[in-house]
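Notes for the one structure printed next.
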Amino acid sequence: MNWKFCLAILTCNVVFMSASYTMLVPFLPMYLTHDLGVDAASVNIWSGLVFSSSFAVSAIMAPIWGRMADKKGKRLMAIRASLLLAISYFLGGIVTSPLQLTFMRLFQGFAAGLWPMELAIMTMYAPPKKLGLCLGTMQGALTTGVVIGPLFGGILAEMFGMRMSFFLAAGALFLNFLVLVFFIKEPPDNDPLPAGPKAAPPSLWKRPVIRTMLLYAVFVQMVILLIQPVLTTYVSEMAGHLDNLIFISGLVFSLGGFASAISSPLWGRFGQGQGFHRSLTYALTGAGLCFFLQAIPNELHLFAATQFAVGLFFAGIYPSINAILAENTDAHTKGHVFGLLFSAQQIGSMVGPLLGGAVATFFGIKYVFILAGLILLSISIATRRQHTDG
């Protein structure tokens, strides 16, 4: 199977997957109140429960699905994930109570794993010299979905109600399922197992470079979820009493996503030519410094510029981590390692909002950005030292 054709198909799949998720999740509180009858006093509790339940289950299941992918096939696990996710979205459109919605999200966490499997498939089809470009392109597609999802979600919710958004998301994931069944083939096994008695492979967690990248992924994802819950509030404080405050907040919020979608393939090319450890160091340093800058301005235009700059640098982090993991695993462990990566990201997603909320409450929103910058700069220094020592 031609790697360019595979990249084109998987890129479209990733956009559908990402946009389907983000056109629903930001509006879950509205769904709880308008459609499921949750009162204002309870909506925050239910929102937190509904939002976090999926992360908890997927963090447990991701490594299990990854191991199964290495034994049964990456394509089969991608097909499984896309079909079960389509069912979960359909169920989300027919629930009638917040408890049912929570169970739906638990099932969604069980079903998750499409993104790591598509990454694993792409790393096996990509020529070694095109690995950075392929992973950068897919990361850009993921970010594109994150940007356009809330826009479509808001429009659909206004015109047809939230239930239609769930059904549309189910349709998009079912389309992904059909594409995987009919157009994607199982990647070739270029690393045949040696003949003779099978020896138990060493634990991936015991490999220093893999363990380090997985830990970095926890902290990077934690930074993302540190910032997201407070960003619109921070923008609102700077914007004052503008008539179109919601639109302005959404626009500023999306600037980072637009920048990431543009620059992700460029970071992939840079990492391919200069080394992925170097690209990771530069991306972490640039994003960390930009977060420090975001804590300074009290003027919305300056903050918007720094938000765009954060996106430009942040776009280089995950493609570099993904490439380093791909380079240090063979065909028989790629499913497992990307499953572990997804699990690490889910852990960061659970911790981030809690830590960000605590810092914003006790110290102020500006200190959330300072903390994010400190975390990324610390990882950058550690990456540089590790690469120099290696």
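Using 1/(1 + (r/R0)^6) with R0 = 41 angstrom and r between the beta carbons of Arg67 and Met30, what's the FRET efficiency to the nearest 0.05?
Numbers: r = 38 Å, r/R0 = 0.93.
The formula returns an efficiency of 0.60 here.
So what is the calculated 222 nm ellipticity per residue for the chain, using -39500 (n - 2.57) for each DSSP H run with n of 4 or more, over all residues, to the nearest 500 deg cm²/dmol? Intermediate results must be reported in sequence, preceding the final value.
Details: 15 runs with 316 residues, N = 390.
Using -39500 (n - 2.57) per qualifying helix, the result is -28000 deg cm²/dmol.
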Take every Cα pair under 8 Å in the range 206-390 that's 6+ residues apart, average their separations, divide by the length, and report that relative contact order as a whole percent.
40 percent
When the Cα centres of the range 34-65 and the range 94-111 are compared, how far apart do they sit, in Å?
8 Å
Inter-probe distance in nm under a simple model that places probes 7 Å from Cα toward Cβ, at Val181 and Ala358
4.7 nm
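Check each of the chymotrypsin sites (Phe, Trp or Tyr not before Pro) in the range 326-390 and keep only those in coil by DSSP with at most 12 other C-beta atoms within 10 angstrom; list them in order. Write out the running numbers ahead of the final one.
Details: sites: Phe338, Phe342, Phe362, Phe363, Tyr367, Phe369; in loops: Phe363.
Sites meeting the loop and neighbour criteria: Phe363.
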Let me make sure I get this right: for the range 1-77, a, b and c are the square roots of the gyration tensor eigenvalues over alpha carbons, sorted descending. Under 1.5 in a/c it's rounded, otherwise prolate if a/b > b/c, else oblate. Which is it?
oblate
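Find the percent of Cα-Cα distances in the range 1-187 that exceed 30 Å, and round it to a whole number. Walk me through the numbers on the way to the answer.
On the way: 3487 of 17391 pairs.
Across the range 1-187, Cα pairs with separations above 30 Å total 20 percent.
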In nm, to one decimal, how far is the modelled label at Ala8 from the one at Leu49, with both set 7 Å along Cα→Cβ?
4.8 nm
For the pair Ile155/Thr96, report the inter-label distance in nm, with labels modelled 7 Å from Cα in the Cβ direction.
3.3 nm
Say R0 is 51 Å: what FRET efficiency, to the nearest 0.05, do Glu327 and Lys366 get from their beta-carbon distance?
0.85
If you plug each phi of the range 90-101 into the Karplus form 6.51 cos²θ - 1.76 cosθ + 1.60 with θ = phi - 60°, what whole-Hz ³J(HN,Hα) values come out, in order, with x for Gly and Pro?
4, 4, x, x, 10, 5, 10, 8, x, 5, 5, 5
D_trans [Stokes-Einstein, Kirkwood Rh over alpha-carbon pairs] for the range 261-382, 37 °C, 0.692 mPa s, µm² s⁻¹
210 µm²/s
Explain nothing, just compute: Karplus ³J(HN,Hα) = 6.51 cos²θ - 1.76 cosθ + 1.60, θ = phi - 60°, for every residue of the range 328-337 in order, whole Hz, x for Gly and Pro.
9, 9, 9, 4, 8, 10, 5, x, 5, 5
For Thr233 and Arg385 in one chain, what is 0.36 nm times their gap in residues minus the Cα-Cα distance, to one decimal in nm?
51.0 nm
Across the range 314-324, in residue order, what do the Karplus-derived ³J(HN,Hα) couplings come to in whole Hz, using 6.51 cos²θ - 1.76 cosθ + 1.60 with θ = phi - 60° and x for Gly and Pro?
4, 4, x, 6, 5, x, 5, 4, 4, 5, 4
So what's the gap between the Cα centers of the range 251-295 and the range 323-390, to the nearest angstrom?
14 Å
When the label point is put 7 Å from the Cα of Asp39 along its Cα-to-beta-carbon vector, which residues of the range 97-134 have a backbone N closer than 16 Å?
98
Write down the Kirkwood hydrodynamic radius of the chain, to one decimal in angstroms, obtained as one divided by the mean of 1/r over all alpha carbon pairs.
21.4 Å
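Quick note: the coordinates plus some simple rules give every number you see, no bench work behind them. Quantities reported herein were computed from a predicted structural model and do not represent experimental measurements. Here the Cβ is made from the backbone with ideal geometry for all residues, glycine too, and neighbour counts use every protein chain on show.
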